[in-house]
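Here is the structure we will look at, set down as structure tokens.
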Amino acid sequence: MAEVWEDLQCAGLGIYRASDGFSYGHDAVLLANFIRAHRGQRLLDLGTGTGIIALLAHAKTGAIVDAVDLSQASCALAAKSVARNGLAHAISVQQADLRLLPDARLTRESFDCVACNPPYYASGTESADPARRQSTHETTCTIHDVASCAHRMLKNGGKLFVCYPAAGLSRLCAALEARTLAVKRICMIRAKRGRPPYLILVEAKKGGGSGVTFEEDIILEEI
């Protein structure tokens, strides 16, 4: 597999990606920027893929990141990026199925934050590329699986950060509320001003009460 090293234009970081495969989208970058964590807190990155969220979240918050993915190839590539960036002390990568967590190393209710850019689609045309198919379609996990995992892994009061299609807001909220994850912050993403939002960024708190803050919309063409 041929690999390409990309400059992330953030804190001197770079990332490896497969030259002929799926890498990451702007939704992952937006989610990383949306994460609120304190230096030294533990962050679990579910479905890390190339490791983009783990790298950017650590750079921006100082959180200690455990990144997991079902794909051994993705984990190997993410770990290679972590090593080249000199961040092995702050980011660890392991192959794991989020539906089976916790495990011996990633223990129950031990994380301050969880982040996930989940697969969005339950149906529709699937990519022939296995990595892209796994990242876009609910072939290996659903938003309900993500919410259940976050509930198991977060400390009480811990926070989940997730992005999801705006049209699926009610489905996302239902999945979160079923696992006592209260939506606390929402940011809508629009391609252009005046267009309807196509993506939402959501922060949910384990055991949180009522009350939601709506942040100013992000307009992609104005960034």
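Read-outs: derived from the displayed coordinates by stated rules, not from any lab. No experiment lies behind these values; they were computed from the predicted model shown. No Cβ is skipped: glycine too gets one built from the backbone with ideal geometry, and neighbour counts run over all protein chains shown.
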If amide H atoms are built 1.01 Å from N in the plane of the peptide, which residues on other chains or at least 5 residues away come under 5 Å of the amide H of S110?
K155
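Of the chain, which part is the longest with no trypsin sites (Lys or Arg not before Pro) in a loop (DSSP not H, G, I, E, B) and with at most 16 other C-beta atoms within 10 angstrom? Spell out each step's value before the answer.
Values: sites that count: R36, R39, R105, R108, K192, R193.
So the longest stretch without any such site is 109-191.
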Out of residues 5 or more away from K184 or on other chains, whose amide H comes under 5 Å of its own, with H placed 1.01 Å from N in the peptide plane?
E203, A204, K205
Cα-Cα over 30 Å: which of K80/K192; K80/K205; K60/K80; K60/K184?
K80/K192; K80/K205
MRE, 222 nm, helices only [DSSP H, n ≥ 4, -39500 (n - 2.57), over the chain, to nearest 500]
-8000 deg cm²/dmol
Read phi for every residue in the range 110-119 and hand back ³J(HN,Hα) as whole Hz from Karplus 6.51 cos²θ - 1.76 cosθ + 1.60, θ = phi - 60°, with x for Gly and Pro.
10, 10, 7, 9, 10, 10, 7, 9, x, x
